[in-house]
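The values are calculated or read from the model by the stated rules, or taken from the named source; none is laboratory data. All values reported here derive from a predicted model rather than from experimental measurement. Cβ: placed from backbone, ideal geometry, glycine included. Neighbour counts: every protein chain shown. Surface accessibility is based on the protein's heavy atoms, side chains included, excluding ligands, DNA and RNA. Shrake-Rupley method; radii C 1.70, N 1.55, O 1.52, S 1.80 Å.
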Amino acid sequence: MKAVVVAPGAGRFVAVGASETETGGLCTVWESQIAPGMVGGGAHHHRGRDEFFYVLEGELVLRIGEERQTARAGTFAFIPRGMIHGFHNASSAVATLLVMHHPAGFERYFEEVQQLAARRGGSEEQAGLAARFDVIPVPASAQT
């Protein structure tokens, strides 16, 4: 399986809105705003999770494998499990991103990250949490 990127206006429009409960565990859908200069997701991959991105507003730099590309509003990307990916906002404006994870359950990762940050958990706890939720970081030496 390979990654797919669909440019704005090149895909089909289908209006869908669903949560983990509504999908019976099939997927998790979330929206996030990424501030200028912010890394929304450092280089990582998932062993058992596919990820879909849709840029609603602004633009982001997507890393998919070894490639980087600017994804402006309307861009869709599918990242199959096992593929290294990440994203950041290199622009001077806020970007809004819609993300879907398959299968569901990834929303609990964000809840636990917030709890960990609130109690100032250490890097060992962060690594354990990431591993539990199938977030496999790419070593810094492999991120260039």
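Counting Lys +1, Arg +1, Asp -1, Glu -1, what net charge surrounds V99 among other residues with beta carbon under 13 Å of its beta carbon? After counting each charged neighbour, the total is -3. Per residue, the stretch 30-106 exposes an accessible area of 44 Å² to a 1.4 Å probe, with every protein chain left in place. Relative contact order for the chain: 32 percent, from Cα pairs under 8 Å spaced at least 6 residues apart, divided by residue count. Express the carbon and sulfur contribution to the solvent-accessible surface of the stretch 31-144 as a percent, rounded to the nearest whole number, probe 1.4 angstrom. The nonpolar share, carbon plus sulfur, comes to 53 percent.
Based on the alpha carbons, how large is the Rg to Rh ratio for the chain when Rh follows Kirkwood?
Values: Rg = 15.1 Å, Rh = 15.9 Å.
That ratio equals 0.95.
With the whole protein complex present, L26 retains an accessible surface near 100 Å², based on a 1.4 Å probe.
Under the convention that each Lys and Arg Cβ holds +1 and each Asp and Glu Cβ holds -1, the size of the dipole of the chain around its Cα centre is about 280 debye. Taking trypsin sites (Lys or Arg not before Pro) in DSSP loop conformation with at most 13 other Cβ atoms inside 10 Å as exposed sites, the chain has its longest uninterrupted site-free stretch at 48-118. Taking Cβ atoms as reference points and 13 Å as the exclusive limit, the residues near L129 contribute a net charge of -2, counting Lys and Arg as +1 and Asp and Glu as -1.
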